[in-house]
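Written below as C-alpha cells is the structure these notes are about.
A short reminder: the numbers here are calculations on the coordinates, not readings from a lab. None of these values were measured; they are calculated from a predicted model. All Cβ positions, even for glycine, are placed from backbone atoms using ideal geometry, and neighbour counts span all protein chains on display.
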Amino acid sequence: MNRTSKRHKTPSRVRFVVLFHTQKQGDHFDLMIDDGSLLATWKTRQAPETARDRELDCLRIGNHRRIYLDYEGPISGDRGDVTQHDAGQCLVEVQTESRWDVTFEGKRLNGHFTLEKAHRSNETWRLRFRSTRRPSG
C-alpha cells in the first residue's frame with residue numbers, strides 16, 4: 001500500500017466519492033479521496049455524512065484505482081457490487097500518516113471533517129465533523 005506522509009503546503013482541491021458496497025460479508029461504505037495516482041480509501045458501516053451527529057469509526061483499507069471515481073457495478077472476483085452514494089470536490093487541507101483535514105463539497109457529505117487515526121498499532125480511524133464552513137478558493 002502506498003501511504004503518503006506528506007503535509008500539503010497549500011490546500012489541494014481534488015475529487016472524492018462515497019460508494020455503497022454490497023457483498024456477502026456485509027454491506028459498507030467506501031470513502032475515497034483522490035491522492036494523485038490512487039484513491040486513499042476508508043471503509044465504514046454507516047454513511048460518512050452521519051459523522052455530523054457523532055464520531056464515526058472507519059477502517060483505512062488499501063488504496064484503490066482512480067476508476068472508482070466514476071465506476072458503478074460488479075466487482076471482479078465475486079466481491080459484490082458498488083453504487084455511488086455521493087461524489088464531489090473536496091479540499092484537503094492537512095494530510096499526514098495519521099490525520100487528514102478535509103472540506104467536502106458533496107450532495108450528502110459536506111462541511112469540514114477530520115479523519116484521524118485512532119490507534120498507532122492498527123488501521124482504525126475516526127471521522128469527525130468540525131464545521132459547516134466552506135473553503136475559500
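Across the chain, the longest run free of exposed loop sites, meaning GluC sites (Glu not before Pro) lying outside DSSP classes H, G, I, E and B with no more than 14 other Cβ atoms within 10 Å, spans 1-54. Using θ = phi - 60° in the Karplus curve 6.51 cos²θ - 1.76 cosθ + 1.60, the 3J(HN,Hα) couplings for segment 103-112 round to 9, 8, 10, x, 6, 9, 8, 8, x, 9 Hz; x is entered for Gly and Pro.
With the cut-off at 1.5 for a/c, could you classify segment 48-137 from its C-alpha gyration tensor as rounded, prolate or oblate? Since a/c reaches 1.5 but b/c is at least a/b, the shape of segment 48-137 is classed as oblate. Only lysine pairs 8 or more places apart or on separate chains count here, and in the chain those with Cα atoms under 24 Å apart total 6.
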